[in-house]
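Read the structure below first, then the notes.
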Amino acid sequence: MKTAFRAACAALLLASGLALAYSSSDKDKLESSGQCPGCNLYDVAYGERDFSNANLQGANLASSAFYRTNFKKANLRGADLSGSVFMLADFTGADMTGARTENTLFFLCSGR
């Protein structure tokens, strides 16, 4: 059952036509430090990542896909999340003040 669900999620991500439009240096910065305010992560895809306490204030996360991603206590103030898909993500305690969420899908997420 778990394998089928993961396969379905992978198919959804691939079907969305994601292009590699994000900045690879910004992606590396987020992954190594969790501090990436104002980063360009447009069209990025992540699965099963821990970004708790991350600073993504003002970051561009538009048109991105996140599966089982932990954003507990993350700073997402003013971030652009428009057109993104979040599946089973945890936003408990995250600050999303002023974040853009137009056409964003939060599917089975918690803390939002």
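Whose amide H sits under 5 Å from the amide H of Asn55, counting only residues 5 or more places off or on another chain, with H placed in the peptide plane?
Placed amide hydrogens put Gln35, Cys36, Asn75 under 5 Å from Asn55.
In what order do Thr92, Thr104 fall by count of nearby beta-carbon atoms within 10 Å, going from fewest to most? Walk me through the numbers before you get to the answer.
Values: Thr92 14, Thr104 18.
Lowest count first: Thr92, Thr104.
Quickly rank 93-102, 37-46 as a protection proxy: mean count of other C-beta atoms within 10 Å, highest first.
Numbers: 93-102: 15.5, 37-46: 19.7.
Sorting 93-102, 37-46 by mean packing, highest first, produces 37-46, 93-102.
Could you list which residues have their amide H under 5 Å from that of Arg112, counting only those 5 or more apart in sequence or on another chain, with H placed in the peptide plane?
Phe91
Using label points projected 7 Å from each Cα along Cα→Cβ, tell me how many nm separate Leu108 and Ala21, to one decimal.
Inter-label distance under the simple model: 2.8 nm.
Between the range 23-54 and the range 89-109, how far is it from one alpha carbon centroid to the other, in angstrom?
Measuring centre to centre over Cα atoms gives 16 Å.
Going by the alpha-carbon gyration tensor, a ≥ b ≥ c the square roots of its eigenvalues, is the range 39-112 rounded (a/c under 1.5) or, if a/c is not under 1.5, prolate (a/b greater than b/c) versus oblate?
Numbers: a/c = 1.27, a/b = 1.05, b/c = 1.21.
In terms of gyration-tensor shape, rounded.
Please list the non-local residues whose amide H lies under 5 Å from the amide H of Ala79, H modeled 1.01 Å from N, same-chain partners needing a gap of 5 or more.
Hits under the 5 Å cutoff: Gly58, Ala59, Ala99, Arg100.
Using a cut-off of 9 Å between beta-carbons, work out the net charge of the residues near Ala59 (Lys and Arg +1, Asp and Glu -1, Ala59 not included).
Working: positive: none; negative: Asp26, Asp80.
Value of the local net charge: -2.
Values quoted throughout were computed directly from the atomic coordinates according to the rules given, and no laboratory measurement underlies them. None of these values were measured; they are calculated from a predicted model. Counting neighbours? That spans all protein chains shown, and the Cβs are built from the backbone with ideal geometry, glycine included.
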